[in-house]
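Heads up: the structure comes next, in structure tokens.
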Amino acid sequence: MGLFDRVWNAAKSMAVGHAITIREMFHRPVTVRYPEEKPPFERGSRSVPVLKVNEATGLLNCVACGLCERSCPPSCIEIVQAVDAAGKKKPWPETFELDLSHCMVCNLCIEACPFDALEMADVVELSSYQVQDLIFSKDQLTELWKTSKALRVAGGERI
Amino acid sequence: MNILLAAALKVVGVLVFVMANAFMLIWLERKVSGYIQRRYGPLRVGGPAGIYQSAADILKLLAKEDFMPGGADRWLWLLAPVVSMVPAVLVYLVLPIGRTFTLQDLGVGLVFFSSVTSFTLLAIFMAGWGSNNKYSLLGAMRAGAQLFSYEVPLILSTIGVVLIAGSLRLQTIVAAQTQHGWFFFEQIVGFIVFFIASIAELNRTPFDLAEGESEIIAGYHTEYSGMRWAMFMLAEYSNLFTSSALGVALFFGGWHGPWLPGWVWFLLKTYIVVFVGMWIRWTLPRIRIDQLLDLGWKFLLPVSVANILGTALVLMVR
Ligand code: SF4
Ligand code: SF4
């Protein structure tokens with residue numbers, strides 16, 4: 001390439017580059033000012049598994065089968081099945097504890113559940129200075145389900 | 001006594017302006033880079049659009065430990081930031097800010113300007129040599145090669161303007177443009193060479209090899225922290241302002257403009273040139289050292305010499 005071609009090419013590509021940057025400058029920024037302004041959750045995103053309640057009966061969908069407990073890679077779910085006075089097992093959990101401090105939000109528990117008893121809620125602001133505050137009990141998880149919207153449910157997306 | 005008082009007032013005025021201006025420009029640079037990258041830039045610290053950010057930064061830097069690397073050449077290392085501030089402040093002396101407002105209207109203003117700004121190289125080399133650090137030394141050597149090779153086209157590119165105006169006094173050069181029209185139109189080649197060379201003199205992207213983060217950390221100011229580092233930054237932003245101001249005085253008619261007072265026009269034009277400099281910085285990538293030297297010696301130098309010859313020929317024929 002001759003000198004004039006090179007100078008011309010350099011000038012042209014510089015003009016194109018500067019046109020791009022000045023155009024971007026007058027666009028709306030893509031970032032948001034987080035605490036004041038919250039971006040919407042994307043459909044199918046994952047945050048916290050919560051326990052669903054059957055609206056007709058008011059009982060948990062969960063039958064304490066323990067599949068989610070076993071499928072959880074970091075073992076952060078702990079389930080104790082309810083028993084009656086005679087020692088007979090009952091189909092609901094006595095305790096259902098989720099340790100969010102090491103939940104990795106992988107969605108595997110929800111995929112494993114055969115009874116549609118878990119779903120991902122649209123809450124993320126749960127941080128705390130105490131690890132104990134991050135262990136959620138059955139009642140807290142139910143409460144979270146009631147106050148949030150579902151992002152993702154068992155068996156894939158269904159919103 | 002009066003002379004001393006006036007001198008003291010001038011010094012204080014310039015220092016205050018240097019600080020305020022550097023605060024403004026650092027904030028502006030962050031905003032411009034933010035919006036070019038589609039971010040907001042600083043917002044949180046307070047003031048309209050986070051304008052107090054730079055003040056907060058200075059407070060933070062003042063509170064930092066002044067750490068000297070082991071084996072550093074004590075006096076060179078300590079003095080380098082101060083030496084870098086000296087030319088940055090001195091050049092305000094000759095800037096033609098308003099029609100009747102120059103701190104000291106020297107007859108050889110342009111020569112004064114270019115000779116004082118070449119002292120920046122001394123500071124950079126003191127910092128690089130004194131730090132006892134290979135990255136600093138590499139950065140300083142690159143800066144040396146770069147400043148030497150761009151000083152020449154920078155000065156040559158202004159000679160066309162000097163030929164037309166017939167003076168080295170900056171006020172006369174600006175005044176000549178009131179009847180003659182801006183020299184930018186006749187000296188567009190000179191202006192392009194001047195602008196490229198002055199960006200290179202300022203060590204700004206795309207010519208910021210002297211502080212190329214990805215290769216040599218921060219170049220000559222790798223070992224500096226706290227207020228000493230801040231002095232390098234202040235000098236850099238002050239130089240950005242003064243070299244843009246020189247460009248405005250030489251090519252865009254300085255304080256010349258309708259309605260508004262002269263100094264407003266001068267500052268306005270200067271800030272527009274500064275903005276263009278920032279726009280370039282956030283658009284172009286850094287170039288290689290061989291490309292840099294090629295551009296300086298094989299392109300800008302012949303072009304600026306040709307520009308001088310052409311201007312002289314036209315002036316002779318007229
Ligand atoms: S989302 Fe993953 S890590 Fe969290 S509880 Fe479910 S299976 Fe465990
Ligand atoms: S897999 Fe579903 S039903 Fe089984 S224990 Fe877990 S949540 Fe309950």
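The values are calculated or read from the model by the stated rules, or taken from the named source; none is laboratory data. Remember, predicted model here, so these are calculated numbers, not experimental data. Cβ coordinates were reconstructed from backbone atoms using ideal geometry, including for glycine residues, and neighbour counts include every protein chain displayed. For accessibility, only protein heavy atoms count, side chains too; no ligands or nucleic acids. Shrake-Rupley method; radii C 1.70, N 1.55, O 1.52, S 1.80 Å.
Things to note:
- Degrees separating the helix B:53-62 axis from the principal Cα axis of chain B, which is the longest one: 50
- Less than 5 angstrom separates the built amide H of A:Ala82 from those of A:Lys90, A:Trp92, A:Glu94, all sequence-distant by 5 or more or on a different chain.
- Candidate residues A:His102, B:His221: accessible-area rank, largest first, probe 1.4 Å: A:His102, B:His221
- Where only alpha carbons of the range B:69-317 are counted, the Rg and the Dmax (Å): 18.4, 64
- Note, ³J(HN,Hα) from phi for the range B:220-237, Karplus 6.51, -1.76, 1.60, rounded to Hz, x at Gly and Pro: 5, 9, 4, 8, 9, 9, x, 5, 5, 5, 4, 5, 4, 5, 4, 4, 5, 6
- The radius of gyration of the Cα set in the range B:111-210, together with its Dmax, comes out at 16.2, 55 angstrom.
- Using the Cβ-Cβ distance between B:Leu79 and B:Leu15 with R0 = 25 Å, the FRET efficiency computed as 1/(1 + (r/R0)^6) comes to roughly 0.85.
- Most fluctuating residue given options B:Lys60, B:Lys31, B:Lys134, as computed from a GNM of chain B linking Cα atoms under 10 Å: B:Lys60
- Vicinal HN-Hα couplings computed from phi for the range A:73-82 (Karplus, 6.51 cos²θ - 1.76 cosθ + 1.60; Hz; Gly/Pro x): x, x, 6, 9, 9, 10, 10, 10, 6, 6
- Potential lengthening of the chain between B:Val276 and B:Ser114 amounts to 56.2 nm, from the contour at 0.36 nm per residue minus the alpha-carbon distance.
- Over all other residues within a Cβ to Cβ distance under 14 Å of B:Ile51, the charged ones net out to +1, with Lys and Arg as +1 and Asp and Glu as -1.
- Per-residue ³J(HN,Hα) for the range B:118-128, Karplus 6.51 cos²θ - 1.76 cosθ + 1.60, θ = phi - 60°, Hz, x for Gly and Pro: 6, 5, 3, 4, 4, 4, 5, 6, 4, 4, x
- Ligands, DNA and RNA left out, the accessible area of the protein assembly as shown computed with a 1.4 Å probe is 66% carbon and sulfur.
- Candidates B:Arg38, B:Arg169, B:Arg204: whichever shows maximal mean-square fluctuation once chain B is modelled as a Gaussian network with Cα springs under 10 Å: B:Arg38
- Spin-label pair A:Trp92-A:Glu24: with each label point 7 Å from Cα along the Cα-Cβ axis, the two points sit 5.6 nm from one another.
- Value of [θ]222 nm, deg cm²/dmol, for the protein assembly as shown, DSSP H segments ≥ 4, -39500 (n - 2.57) each, nearest 500: -17500 deg cm²/dmol
- Normalised alpha carbon radius of gyration of the protein assembly as shown [divisor 2.2 N^0.38 Å]: 1.41
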